[in-house]
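Scroll down for the structure; my scribbles are underneath it.
The values are calculated or read from the model by the stated rules, or taken from the named source; none is laboratory data. Model, not experiment: these values are computed from the prediction. Quick reminder, even Gly has a Cβ in these numbers, built from the backbone with ideal geometry, and neighbours come from all protein chains shown. Each accessible area value is taken on the protein alone, full model and side chains, heavy atoms only, with ligands, DNA and RNA left out. Shrake-Rupley method; radii C 1.70, N 1.55, O 1.52, S 1.80 Å.
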Amino acid sequence: MTNAHGEPDTGTPHTTGRPTVTRLHARLVVSDGARAIDFYRDTLGAEETERYTGPDGTIVHAMLRLGGTAIAVKDADTADPAPTSLGGSPVIMALDVPDADAVAEAMLRGGATVVYPVADQHYGQRGGRLADPFGHLWMISQTIEDLTPEQIQQRTTDLFTS
């Protein structure tokens, strides 16, 4: 059985007295929702699953599916400012992809800018960080070397102590 969002129904809520989370997704506030949806579709392969607009056409809420994950997009307003009006965002969206270079190139063609160039990293990933045209940060990672957590920790320690 699925819920209204097409996701598996988790059944009866927990009765432990603790809060229960049934779904988690990022909600990206942007300066131009329609253009942002096009950008995420064209550069990341996002699929739009729902969209609600105000009378003036602004995106009040849209859901996109990226791989197995959902994100929401909405136009900025007085209650929800876009990162571009705040000088950026401290949140980084992390993408695991089969080809980090190809995803970065697609994002760059769509108007993204490089924060950190795609390169081989000490923790066994090839990746980098880009800022999309709407002020959101994206870390793109491709596994190039299978490492244990202990190996990653050792390489991290070596990086900071050498």
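Inspect segment 135-154 for any residue being part of a strand (DSSP E or B), open to solvent by less than 40 Å² (accessible area, probe 1.4 Å), farther than 30 Å from Thr58 by Cα and of a type in the set (Ser, Thr, Tyr) and give the result as yes or no.
yes
Which residues, taken from segment 24-82, are open to solvent by 60 Å² or more (accessible area, probe 1.4 Å) and among the β-branched types (Val, Ile, Thr)?
Within segment 24-82, Thr49, Thr53, Val60, Thr69, Thr78 qualify.
Within segment 108-120, is there a residue that is among the aliphatic types (A, V, I, L, M) and in a loop (DSSP other than H, G, I, E, B)?
yes
Conditions first: (1) open to solvent by 30 Å² or more (accessible area, probe 1.4 Å); (2) more than 14 Å from the chain's Cα centre (by Cα). Pro90 passes all but one, so which condition is the exception?
Looking at each condition in turn, Pro90 falls short on (2).
Pick from segment 1-32 the residues that are at pLDDT 55 or above and aliphatic (A, V, I, L, M): which of them is farthest from Glu50 (Cα to Cα)?
Val21
Name the single residue that is nearest to Arg35 (Cα to Cα) among those in segment 105-156 being touching a strand residue (DSSP E or B) at 6+ places or on another chain (Cβ under 7 Å) and charged (D, E, K, R).
That would be Asp132.
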